[in-house]
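Please read the structure below before turning to the comments.
The values are calculated or read from the model by the stated rules, or taken from the named source; none is laboratory data. All of these numbers come straight from a predicted model, not from anything done at the bench. We place every Cβ from the backbone using ideal geometry, glycine too, and count neighbours over all the protein chains shown.
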């Protein structure tokens, strides 16, 4: 037994194992150091929320309050929510959590991808190509960045690689077990990302059909042979049936999952979320973002994506691309291995051509005119992630061929005594230059993401330790009514019962407070623009929120009035309408009292009076939000507005409310919450139930 293991663990395999360990360590480092708060792609939160669901034995979220707990990219159906993505990548991440932490899954995926790439290079060429292919994959910027994020592309590529390697070994060895493994793995890949798996599998499916037809295996019901080796056709048929059967089982499982969550086996969750999102041309749309995705726009977008891929995101950029071209050209020579190598080379056709029909590549670019816009600038052309493998394998082959030519050229011209040393020096110099280019290419996107994470660190500082225990934190909604978008580091447990519960601010806040009667309430507020790529950090804070109940509510507010103010106006609004007031613009502080009782709200204060012919009494509904805007005019087209938003609920004779949000707005579109951005500046508000 010991002798068998030592014979299998030759030097290249041992080096490959060490390289896999290095890849896993790199993935851990990138995940924890570069992306401690996750990346600017908020889909990561979807997969991690889904992984937590699976670990809890659930497929659906059932939030305690409607609309207040909907995570990003979750589909709402009745009282349940489910993610728009298939569960395979999330299941892989869940396994990492079971092993000790989610990042361990990323390390395992990275190590597996490198190991399978090296094995594929060894299968198609030799051990040297395989090992170098693994090295070139690890040095690829797209691999480095994606190794540290919880997105599905690396996981799907690992499954696709497992399929390719098993299929090729089944063909070489005539192995039924390997053929069955190929089918099982490609079925999982289809379940994970159907279109991605299809584009990868197309060359292999074509090869399977072609070899079946050429061999006459369709007549395998007869015990005949078709070649000089005497191999029965029936063995080929059995292998094909094993691969196709288990692959089809994976497809059936995906369709069964669709039936379970969407109610229709042919409707995938992403279609239920946005029916016009996905593959195809014409009108494409998701969440109000829409475009007429023409063939012309598709070709233009994908040319830009491919240009960026081969210039910036493969190993050493153009140098690595050139080596891959050399490797592919050399593989076109007539050899016994040419058909098998052609299967891998065919990915350079199927993956780019298939992606033309997917408008996600257009969205990936952001502005087509700007090379620094869009997710591609930070996370790379991840829809083409599978192409890293043929670039690495053929690039390794090309590098070894070029190195061999250099040695031969030097050896044929230099004296024999010096040829070896000169050739070695030339190879060291070229390898050093290649490594420098590769290091520079890889460092740039990591540095960009690291700067973005520095901005996120400042934003998350008030809740860096997970917030207060036994608390509910209301989050702002800069990108719309979604949790985890953008605050993907602040996720709820599947049962919405973790130490800290996160809810949408301004959405059924009183109902949330009622659902958690014994928890402390807080609001997360920030000043600035939530854009971690703009080199400008936000200032954030967590402010306490009080619960107040009684037959009568009083909100006593004070706003500063600078000397020289021209006038002061007030607007009080509820769901039932609005009332307008004027106040004396005396320098100092303007006190305003808002009273809610008897199903109505009114404002009062020294020098505060309703406008002529205006009402001073507004109806308050059973569950309402009272908003107050106090505008102080300081000059022509100049002034400042103070805003308060008070959630109110009336049940029987009791009124319940939460302490209001407060904002100071220099202009209507640029407001700073009280608690950040220089403090309240004299803007105060106290809520009470009107009792002494």
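Observations, loosely collected:
- For residue 123, the conditions (1) more than 30 Å from residue 257 (Cα to Cα); (2) out of contact with any helix residue (DSSP H, G or I) (no Cβ under 6 Å at 6 or more places or on another chain) all hold with the exception of (2).
- Qualifying residue in region 336-345 (condition: modelled with pLDDT of 80 or more and under 21 Å from residue 142 (Cβ atoms)): yes
- Restricting region 281-314 to residues that are modelled with pLDDT of 95 or more and in a loop (DSSP other than H, G, I, E, B), the residue that is nearest to residue 438 (Cα to Cα): 314
- If you check 133, 99, 110, 119 for being surrounded by 19 or more Cβ atoms within 10 Å (Cβ to Cβ) and under 23 Å from residue 35 (Cβ atoms), only one passes: 110.
- Residue ID - nearest to the chain's Cα centre (by Cα), chosen from residues in region 591-619 that are free of Cβ contacts under 8 Å to residues at least 12 places away in the same chain and on the phi > 0 side of the Ramachandran plot: 598
- Consider region 194-205 and keep the residues that are without any contact (Cβ under 8 Å) to a residue 60 or more places away in the chain and farther than 18 Å from residue 85 by Cβ. The one that is surrounded by the fewest Cβ atoms within 10 Å (Cβ to Cβ) is 205.
- Within region 650-674, the residues that satisfy the criterion of being in a loop (DSSP other than H, G, I, E, B) and either surrounded by fewer than 20 Cβ atoms within 10 Å (Cβ to Cβ) or at pLDDT below 85 (or both) are 652, 653, 668, 669.
- Residue match in region 317-328 (condition: surrounded by 14 or more Cβ atoms within 10 Å (Cβ to Cβ), within 25 Å of the chain's Cα centre (by Cα) and closer than 30 Å to residue 134 by Cβ): yes
- Helices (runs of 4 or more DSSP H) wholly inside region 69-146 containing at least 1 residues that are modelled with pLDDT of 95 or more and either within 30 Å of residue 472 (Cα to Cα) or in contact with a strand residue (DSSP E or B) (Cβ under 6 Å, 6 or more places away or on another chain) (or both): 88-99, 102-124
- Filter result for the condition that a residue is more than 23 Å from residue 485 (Cα to Cα), part of a loop (DSSP other than H, G, I, E, B) and at pLDDT 95 or above, over 24, 57: 57
- Residue within region 402-411 that is surrounded by fewer than 22 Cβ atoms within 10 Å (Cβ to Cβ), at negative phi, modelled with pLDDT of 85 or more and in a helix (DSSP H, G or I) present: yes
- Here residue 572 does not qualify as surrounded by 14 or more Cβ atoms within 10 Å (Cβ to Cβ), over 44 Å from the mean Cα position of the chain (by Cα) and assigned to a strand (DSSP E or B).
- Conditions (1) surrounded by fewer than 21 Cβ atoms within 10 Å (Cβ to Cβ); (2) outside any helix (DSSP H, G or I); (3) modelled with pLDDT of 90 or more; number of the one not met by residue 535: (3)
- Selection from region 490-506 of residues that are in a loop (DSSP other than H, G, I, E, B) and in contact with a helix residue (DSSP H, G or I) (Cβ under 6 Å, 6 or more places away or on another chain): 491, 494
- Scan of region 507-532 for residues that are outside any strand (DSSP E or B) and buried (at least 17 other Cβ atoms within 10 Å of the Cβ), ordered by number: 507, 508, 509, 510, 511, 512, 513, 515, 516, 519, 528, 532
- Tallying residues that are under 18 Å from residue 507 (Cα atoms), surrounded by fewer than 19 Cβ atoms within 10 Å (Cβ to Cβ) and in contact with a helix residue (DSSP H, G or I) (Cβ under 8 Å, 6 or more places away or on another chain) within region 32-65 yields 1.
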